[in-house]
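Step one of this worksheet: look at the structure below.
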Amino acid sequence: MNMIQMVMPEGNPAVTDTGMFSLTGMPELLLRFGINLVVIFLLVRWLYYTSSRRKDYLFTYTLISSVVFLLCYLLESVSLQIGFALGLFAIFGIIRYRTNPMPIKEMTYLFLVIGVSVINALTSGTSLPEILFANIAVILITFGLEKVWLLRHISSKAIIYEKINLIVPEKYDEMIADLKQRTGIKDIKKVEIGAINFLKDTCRMIIYYEDKGRSVNLADQNGFIKPDDNDDD
């Protein structure tokens, strides 16, 4: 028996019918990948980055979206359709980076870019208008939440306050005036009192204020303020 016939039998559809270097599927791949890239650019670069200014997540979302799309599209012929998509959501949905846990908004955008990439890659039986409608609907909903409904952005700042004589309800207005003067924040909406250390006459509190710049307070988010019992005298 011929050695070539033993290794590669005649009638193998993967070799004789389509061919390893066939370009028949390239136009659809390029079209879908282009649509996905444009949608991710609008979601991540225009909607997310303009409000958070986080270049690290901008880099992460773009690469994850591209890799997930190509992975789903190239493995679409394998009968894993729904199970494969749910597996991706399960894997990436539980990602927590070793340095700091992802905030809930960033986790939502991560779920969003993965979902859009899966939709654009695993809908071979869906017409182009339906795919475009799904992508446009996601963009419009995100735009409505990010730019219209949540236009007023409330930020928070954790501080250690030493005037614990002002934290009683009767002196709330005086405490707010003191915080405005010392922090420079003029529009304090609410103050939450946390742990109180009577030995050092300090307490932990979180002040909520309207941030017109919609910036992310990375210092408080990363937990730079330690509990009172770990502070140096």
Spacing of the two label points (7 Å from each Cα toward its C-beta) at Met26 and Trp149, in nm:
4.4
Could you list the residues of region 37-58 with an amide nitrogen less than 15 Å from a label point located 7 Å from the Cα of Leu74 in the Cα-to-C-beta direction?
none
Computed FRET efficiency, Cβ-Cβ of Lys171 and Leu63, R0 45 Å: what is it to the nearest 0.05?
0.30
As an exercise, use a Förster radius of 35 Å and the Cβ-Cβ distance of Phe133 and Lys55 to find the FRET efficiency, rounded to the nearest 0.05.
0.65
Which order, highest average first, do 133-141, 163-171 follow once you tally other Cβ atoms within 10 Å for each residue and take the mean per peptide?
133-141, 163-171
Surpassing 20 Å at the alpha-carbon level, of the pairs Lys105/Lys180; Lys157/Lys190; Lys147/Lys190; Lys105/Lys190; Lys55/Lys180, are Lys105/Lys180; Lys147/Lys190; Lys105/Lys190; Lys55/Lys180
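Each value in this text was obtained by applying a stated rule to the coordinates, not by laboratory testing. In this text, all values refer to a predicted model and were calculated from it rather than measured experimentally. In this analysis, Cβ positions are derived from the backbone assuming ideal geometry, glycine residues included, and neighbour counts consider all displayed protein chains.
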